[in-house]
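Please read the structure below before turning to the comments.
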Amino acid sequence: MKYVCSKCGHEEDVQTLKIKCDCGGLWKLDFQPPKFSRDLIDQDTWSIFRYRKFMALPDESWRQVSLGEGMTPIVPLDEDVLVKMDYYMPTLSFKDRGAAVLVAYMKWLGVKHAVQDSSGNAGNSVAAYAGRVGIDCEIFVPEGTSDKKIRMIEAHGAKANVVPGNRDHCADVCRAKVENEGVYYANHVYNPFFYEGTKTYIYETFEQLGRIPEHIFIPLGNGTLFIGVMKGLEELLASGAIDHFPQVVIVQSERCQPFIKAMEKGGHDISPEPVERTQAEGIAIGLPMRSAEILDYIYRYKVKAATIPEDKILAAREKLSRRGIYAEHTAAAVYAGYLHYCEEHGRTRDALISMCGAGLKSDH
């Protein structure tokens with residue numbers, strides 16, 4: 001198992017502390033899981049690590065890190081929509097899938113101090129898992145981030161730095177600290193071990209349903225869930241566990257949709273998008289760092305797109321709440337995107353939507 005640069009193909013041992021290749025390209029993992037078999041699932045492990053035979057894990061550090069993340073239920077919302085309740089997690093968001101694996105890797109690597117930039121959920125998740133194994137942590141969040149998310153980050157023992165400006169500027173400030181001070185960049189976008197965690201969304205869905213739904217709606221900002229989903233689907237398809245790729249639909253805010261604009265032009269790169277204020281703060285990313293990789297997936301598997309009307313988010317959130325599902329605004333926005341997709345394309349059956357964050361984190 002090694003890192004491979006996504007830009008120039010250079011290979012590097014995964015023990016490196018470099019956050020990216022010298023050419024500027026981000027790392028991908030050269031890892032091929034075994035052919036899928038239910039016999040390789042550890043039925044005695046009640047977390048995402050029941051799928052560890054299919055995950056790139058350098059050692060057994062996950063045993064010290066895990067908080068029982070994953071194993072989230074899939075419930076019907078109506079006769080067309082299934083909802084995977086990924087806010088049933090230790091820190092109330094799907095980011096725990098990736099953070100558990102990333103921090104297990106950091107533990108193996110011997111990291112003592114780490115920094116990360118986040119719109120809130122990923123920072124909270126990394127702070128929790130880092131705190132669990134004694135890694136000092138500092139999280140940078142943009143202004144406007146929910147006070148509740150900030151308080152959760154601090155409760156885990158991490159320092160929260162609120163940065164004026166938008167999410168992309170927040171990332172720039174954090175990366176400057178990495179460059180200037182040499183601290184470890186525990187970033188969920190840069191580090192490919194994170195996607196080894198988020199791909200369990202698919203393994204789990206397949207184990208629970210015995211199949212993959214025909215439509216999968218995915219919120220797309222930096223792509224942490226999207227890349228994990230696509231990796232998981234590719235692995236199941238390659239192993240023969242599924243016989244075709246489902247229709248994946250990305251969902252982006254009308255106020256920040258660089259991938260949808262690129263798709264409309266057939267472009268293989270994005271143009272930086274000015275980030276307007278939106279209730280879907282978790283996916284308001286104007287310059288995603290893995291845009292080329294994401295667009296490659298989009299075109300290879302004929303991914304479709306849905307825009308989230310800003311004025312429909314609160315109505316979608318209320319509709320979910322009346323059905324017992326109290327989601328944060330970004331998660332509700334995915335449902336709003338699904339409803340808008342149906343308006344444009346007609347009734348869409350057998351659809352899976354992630355409830356990626358809990359409502360209590362975004363009541364602001």
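Specify which of the listed residues (D96, D86) is of a type in the set (D, E), closer than 21 Å to I294 by Cβ, crowded, with 21+ Cβ neighbours inside 10 Å and under 20 Å from the mean Cα position of the chain (by Cα).
D86
Failed condition for Q116, given (1) more than 20 Å from G221 (Cα to Cα); (2) part of a strand (DSSP E or B), with all others met?
(1)
Name the residue that is farthest from the chain's Cα centre (by Cα), counting only residues in the range 200-227 that are surrounded by 24 or more Cβ atoms within 10 Å (Cβ to Cβ) and among the small types (G, A, S).
G221
Which pairs have Cβ atoms under 8 Å, sit 6 or more apart or on different chains, and link a residue in the range 19-43 that is free of Cβ contacts under 8 Å to residues at least 60 places away in the same chain to one that is of a type in the set (D, E, K, R) and in a strand (DSSP E or B)?
C21/E12; D30/K2; D30/E11
Tell me which residues, restricted to the range 326-364, are surrounded by 20 or more Cβ atoms within 10 Å (Cβ to Cβ), aliphatic (A, V, I, L, M) and under 19 Å from Q279 (Cα atoms).
A327, A331, A332, A333, V334, A336, I353, M355, A358
I need the full set of residues from the range 168-201 which are part of a helix (DSSP H, G or I) and more than 25 Å from A284 (Cα to Cα), in order please. Working first, answer last.
Applying the first criterion (part of a helix (DSSP H, G or I)) to the range 168-201 yields 168-181, 193-198, 200-201.
Hits for the range 168-201 are N180, E181.
Any chance you could count how many residues in the range 202-234 are over 20 Å from R290 (Cα atoms) and part of a helix (DSSP H, G or I)?
Residues that pass the stated criteria total 8.
Just a yes or no: is a residue in the range 314-321 under 22 Å from the mean Cα position of the chain (by Cα) and small (G, A, S)?
So far as the range 314-321 goes, yes, one or more of its residues are under 22 Å from the mean Cα position of the chain (by Cα) and small (G, A, S).
Within the range 119-130, how many residues are assigned to a helix (DSSP H, G or I) and either assigned by TED's automatic domain parsing to the domain that holds A331 or over 14 Å from S66 (Cβ atoms) (or both)?
Narrowing the range 119-130 to residues assigned to a helix (DSSP H, G or I): 121-130.
Checking which are either assigned by TED's automatic domain parsing to the domain that holds A331 or over 14 Å from S66 (Cβ atoms) (or both) leaves us with 121-124, 126-127.
Residues meeting the conditions: 6.
Could you please let me know if Y190 is more than 28 Å from K7 (Cβ to Cβ) and of a type in the set (S, T, Y)? Can you show your working first?
Details: more than 28 Å from K7 (Cβ to Cβ): no; of a type in the set (S, T, Y): yes.
So Y190 does not fit the description; no.
Could you list, ordered by first residue, the pairs with Cβ atoms under 6 Å in which the first is in the range 327-348 and farther than 14 Å from V251 by Cα and the second is in a helix (DSSP H, G or I), at least 6 apart or interchain?
From the range 327-348, the pairs are A327/L320; A327/G359; E328/G359; E328/K361; E328/S362; T348/C342.
The values are calculated or read from the model by the stated rules, or taken from the named source; none is laboratory data. Note that this is a predicted model, so its numbers are computed, not measured. In this analysis, Cβ positions are derived from the backbone assuming ideal geometry, glycine residues included, and neighbour counts consider all displayed protein chains.
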